[in-house]
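The values are calculated or read from the model by the stated rules, or taken from the named source; none is laboratory data. Only a predicted model underlies this, so the values are computations on that prediction, with no experimental measurement involved. When we count neighbours, we look across all protein chains shown, and the Cβ atoms used for this are built from the backbone with ideal geometry, even at glycine. For accessibility, only protein heavy atoms count, side chains too; no ligands or nucleic acids. Shrake-Rupley method; radii C 1.70, N 1.55, O 1.52, S 1.80 Å.
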Amino acid sequence: MILSEILKKCTENECTNFTYELVKGREDIFVTNVTSDSRKVEEDGVFVAIKGAVVDGHKFIGNVLGKAKAIVVDKDATLPETPDDLTIIATDNTRLALALMSAANYGNPDKELFTIGITGTKGKTTTTYMIKNVLENCGIKTGLIGTIETIIGEEHIPSENTTPESSQIHETFRKMVNAGCEAVVMEVSSQGLKLDRTAGIMFNIGVFTNLEPDHIGPNEHADFEEYLECKAKLFRQCTTGIVNADDEHVSKIIEKATCKIETYGIDKDADLKADNIELFHEGGNIGLTYKLTGKAMDEDLDVKLNLPGRFSVYNSLSAIAVTRHFNVSNENLLKTLLDVKVKGRIELVKVSDKFSLMIDYAHNAMSLESLLTTLREYNPHRIVTLFGCGGNRSRDRRFEMGEVSGRLSDLTIITSDNPRDEEPEAIIQDIITGISKTNGKHVDIVNRKEAIKYAIANGEPGDIIVLAGKGHEDYQIIKGVKHHMDERELIAEVLEELKR
């Protein structure tokens, strides 16, 4: 594109005010890609220098001289000597510049998709999959950008555990449009909002799941107020906001919203509401049912989920609220919600009609306690929790997870999980230290497959067995080497061996 056309689109963006100054050179030049990574600058490309928490991109300007046609810098930046034919643009927010210029360079593909952004402390991943599954089942081809993976048509690409950089988002949007996608659902993290990675995107729908103290500390958020304010930004760049009416922070989240607001909940009055929640644990299945009511409903619906917990009710309500903006039949909606499964998030794996087994990513004390407390509500015969802790990481996590499992599990099976450069036995001893603060029973089996085999072989009627910590991960890191290891494959192997 012509640089002047890119900059014109940036200044005309409806979501934000963008200004710049031409320090040197010309705007009427042809440019290729736009990137903040000096290693990815193409011939005649644009390099946007971003001042990060660890690295300042302005230090790499020298690396792109002779290749970049233009650079974008902070207004107060001190620059090295540059070639006469290099165009220099200055602005007071280079992150915003990167987002808007990337969108324009890819032809603003977000305008060609129905965009759905999900933000909140918990529930984002499950909600995105629920929405995608319902829309796909109704013939609406939908892309997904999440913490587990990015999905473009049939292509599944493992994701970083954060909202991608803005240039990557718009490149992905363009690929989705080219693949025939009509909609995209994406997790929008507080960091992504803080760092303007989604700036300039006017989402068709923004969803707020819940807010809890999290991500507070160095290189994240200074305090809870900043964390909340970053989440709230989404509702100043969407057409419709769908929010959890029960969350204690919801009024603050939508205080400065510029969009239409719709609500869902369990306890408070809402447009969509779940009544008469009932739990079931039978035949190796575990889940719940509820009656879907509310001000927006013409008739009540009976919803069934093969997922446990109150949080699953909230996730499904937010997904239902989104899909009501499409021509989705009640029959398709209810069938998809019944069948929805998210890899590594309370993922039930059928191994027996007598007891239940699930895989979950819970890999710290807070998430493990939340999960096990939820499962206690089902009054199982026993909760059997299998987990390990990563090596070369804080030992406190081992003590804390051991104490939580010892307190809430009837039996803990301690095993290996990414020991890295440490000896698995040493990590297990730290976990035992935590369990010893409780009356919890434990069995120690270093080999994870053998640990899973023990859990299944010794399962008792009414048990809930939890394989915690790995979730969607399909590897073990041992002595610096990454080995393939998928718990679903291990379960299949174990079942075959037990059958023989």
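Can you tell me which residue is farthest from Thr147 (Cα to Cα) among those in region 472-500 that are of a type in the set (A, V, I, L, M) and open to solvent by 50 Å² or more (accessible area, probe 1.4 Å)?
Top of the filtered list is Leu498.
Just the residues that are within 22 Å of Ile169 (Cα to Cα) and among the basic types (Lys, Arg), please, taken from region 31-82.
Matches in region 31-82: Arg39, Lys40, Lys51.
Can you tell me which residue is surrounded by the most Cβ atoms within 10 Å (Cβ to Cβ) among those in region 100-145 that are under 11 Å from the mean Cα position of the chain (by Cα) and in a helix (DSSP H, G or I)?
Taking the candidates together, the pick is Thr128.
Quick one: in region 326-352, which of the residues that are hydroxyl-bearing (Ser, Thr, Tyr) and either open to solvent by 50 Å² or more (accessible area, probe 1.4 Å) or not in a loop (DSSP other than H, G, I, E, B) (or both) is farthest from Thr126 (Cα to Cα)?
So the residue we want is Ser329.
In region 358-376, how many residues are among the small types (Gly, Ala, Ser) and crowded, with 20+ Cβ neighbours inside 10 Å?
Going through region 358-376 one residue at a time, the tally reaches 1.
Considering region 226-257 alone, what residues qualify as being in contact with a Leu (Cβ under 6 Å, 6 or more places away or on another chain), open to solvent by 20 Å² or more (accessible area, probe 1.4 Å) and either within 25 Å of Leu113 (Cβ to Cβ) or without any contact (Cβ under 8 Å) to a residue 24 or more places away in the chain (or both)?
Listed by number, the list holds a single entry, Lys233.
Scan Thr239, Thr258 and give me the residue that is among the polar types (S, T, N, Q), assigned to a loop (DSSP other than H, G, I, E, B) and farther than 30 Å from Ile464 by Cα.
That would be Thr258, the only listed residue that is among the polar types (S, T, N, Q), assigned to a loop (DSSP other than H, G, I, E, B) and farther than 30 Å from Ile464 by Cα.
For Ala97, indicate whether it is out of contact with any strand residue (DSSP E or B) (no Cβ under 8 Å at 6 or more places or on another chain), open to solvent by less than 10 Å² (accessible area, probe 1.4 Å) and not in a loop (DSSP other than H, G, I, E, B).
Spelling it out, it is not the case that Ala97 is out of contact with any strand residue (DSSP E or B) (no Cβ under 8 Å at 6 or more places or on another chain), open to solvent by less than 10 Å² (accessible area, probe 1.4 Å) and not in a loop (DSSP other than H, G, I, E, B).
Got a sec? Which of His363, His381 is at pLDDT 95 or above, in a loop (DSSP other than H, G, I, E, B) and either more than 17 Å from Ala451 (Cβ to Cβ) or touching a strand residue (DSSP E or B) at 6+ places or on another chain (Cβ under 9 Å) (or both)?
When all the criteria are applied, what remains is His381.
Being at pLDDT 95 or above, open to solvent by 40 Å² or more (accessible area, probe 1.4 Å) and in contact with a helix residue (DSSP H, G or I) (Cβ under 8 Å, 6 or more places away or on another chain): is that true of Ile320 here?
no
Of all the residues that make up region 291-315, how many are assigned to a strand (DSSP E or B), open to solvent by less than 40 Å² (accessible area, probe 1.4 Å) and closer than 23 Å to Lys350 by Cβ?
Of the residues in that region, 2 qualify.
Just to be sure before I move on: is Phe355 modelled with pLDDT of 95 or more, among the hydrophobic types (A, V, I, L, M, F, W, C) and open to solvent by 10 Å² or more (accessible area, probe 1.4 Å) in the structure I sent?
It is true that Phe355 is modelled with pLDDT of 95 or more, among the hydrophobic types (A, V, I, L, M, F, W, C) and open to solvent by 10 Å² or more (accessible area, probe 1.4 Å).
Per-residue answers, yes or no, for (1) at pLDDT 90 or above; (2) touching a helix residue (DSSP H, G or I) at 6+ places or on another chain (Cβ under 7 Å); (3) charged (D, E, K, R):
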position	(1), (2), (3)
Lys141	yes, no, yes
Lys175	yes, no, yes
Gly200	yes, yes, no
Ile205	yes, yes, no
Ile216	no, yes, no
